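Below you'll find the structure, written out as structure tokens, and then a few comments.
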Amino acid sequence: MHYDDFLDLCKQRQSCRGFSDQPVEHDKLVLCVEAGRLAHSGCNAQPWSFAVVENPDMVTQIAQCGQQLKQNVWLETTKAFIIIFEEHAVLSPVISCFLDSQYYAKGDLGAAAAYVCLEAASQGLGSCIIGLYDRKKICELLHIQRDKQFGSVIALGYPPNDIIRPKKRKAFEDIVRFV
Ligand SMILES: Cc1cc2nc3c(=O)[nH]c(=O)nc-3n(C[C@H](O)[C@H](O)[C@H](O)COP(=O)(O)O)c2cc1C
């Protein structure tokens, strides 16, 4: 799939809930995570690290971590995950006098997740951010400290079809004003 411009890509990117059997190429996952790494962040603190989960057994186990309440059953079809972790942010000295080190981190991690998902779309991949998951179990599986903060758990795979749903968004004029 080819995109003419960025807005077009934004319209094409949609949460994909269920994937085809086609495996995802390692190189495409590298590009997705590279896009996340290039995201902007407050003071350029880059308060993130990424885990790319592509081993099929591990993918199955991580998928189960997102189904603790039997939600997101379609996660069973996921071919890879990119998990973004929150890391300590070192802000510039002037800013850090006023703000806690993690003040910008949630927004920064959101930007990184958006970049990952947009790059996935540009590679013809489907993606869906997962909001509810067993954080402790994921930490256990990936051998990381149990109190680690997460940015996003992003499920990836090839979409089962080419259907692009119309976007459900608040009306432009209801949420934008020019002054
Ligand atoms: C933080 C966050 C958590 C989300 N969690 C889930 C989820 O657990 N399951 C799911 O199906 N979609 C989840 N989504 C996807 C949203 O429902 C979706 O982005 C929204 O409905 C807009 O649709 P679109 O992404 O297709 O444009 C999540 C999105 C975000 C940003």
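Any residue that is free of Cβ contacts under 8 Å to residues at least 40 places away in the same chain, more than 15 Å from the ligand (Cβ to nearest atom) and touching a Leu at 6+ places or on another chain (Cβ under 7 Å) - is there at least one of those in the stretch 58-76? Checked the stretch 58-76: no residue is free of Cβ contacts under 8 Å to residues at least 40 places away in the same chain, more than 15 Å from the ligand (Cβ to nearest atom) and touching a Leu at 6+ places or on another chain (Cβ under 7 Å). Consider Asp108 carefully, then state whether it is away from the ligand (no atom under 13 Å from the Cβ), surrounded by fewer than 16 Cβ atoms within 10 Å (Cβ to Cβ) and not aliphatic (A, V, I, L, M). So Asp108 fails the test.
Restricting to the stretch 42-91, name every residue that is of a type in the set (S, T, N, Q), in contact with a strand residue (DSSP E or B) (Cβ under 7 Å, 6 or more places away or on another chain) and in a helix (DSSP H, G or I).
Kept after step one, since they are of a type in the set (S, T, N, Q), are these residues of the stretch 42-91: 44, 46, 49, 55, 60-61, 64, 67-68, 71-72, 77-78.
The next check asks that each one be in contact with a strand residue (DSSP E or B) (Cβ under 7 Å, 6 or more places away or on another chain); those that pass are 49, 72, 77-78.
Residue satisfying the conditions is Thr77 alone.
For the stretch 123-179, give me each residue that is away from the ligand (no atom under 12 Å from the Cβ), of a type in the set (S, T, N, Q) and buried (at least 17 other Cβ atoms within 10 Å of the Cβ).
Let us first name the residues in the stretch 123-179 that are away from the ligand (no atom under 12 Å from the Cβ), namely 123-125, 134-149, 156-158, 160-162, 171-179.
Applying the additional criterion that residues be of a type in the set (S, T, N, Q) yields 123, 145, 149, 161.
The answer is Gln123, and nothing else.
Only one entry in Ala105, Ala171 is small (Gly, Ala, Ser) and over 17 Å from the mean Cα position of the chain (by Cα), namely Ala171. Within the stretch 1-31, being part of a helix (DSSP H, G or I) and within 16 Å of the ligand (Cβ to nearest atom) holds for Phe6, Leu7, Asp8, Leu9, Cys10, Lys11, Gln12.
I need a count of the residues in the stretch 2-36 that are in contact (Cβ under 8 Å) with a residue 60 or more places away in the chain and in contact with a Lys or Arg (Cβ under 7 Å, 6 or more places away or on another chain). Residues meeting the conditions: 4. When you look at Cys43, is it more than 13 Å from Ile154 (Cα to Cα), surrounded by 14 or more Cβ atoms within 10 Å (Cβ to Cβ) and at pLDDT 95 or above, yes or no? Considered against the rule, which asks whether it is more than 13 Å from Ile154 (Cα to Cα), surrounded by 14 or more Cβ atoms within 10 Å (Cβ to Cβ) and at pLDDT 95 or above, Cys43 comes out as yes. Entry remark, the stretch 67-82: residues being buried (at least 24 other Cβ atoms within 10 Å of the Cβ) and not polar (S, T, N, Q) number 4 in total.
The values are calculated or read from the model by the stated rules, or taken from the named source; none is laboratory data. Note that this is a predicted model, so its numbers are computed, not measured. Reconstructed Cβ throughout: ideal geometry from the backbone, glycine too, with neighbour counts over all protein chains shown.
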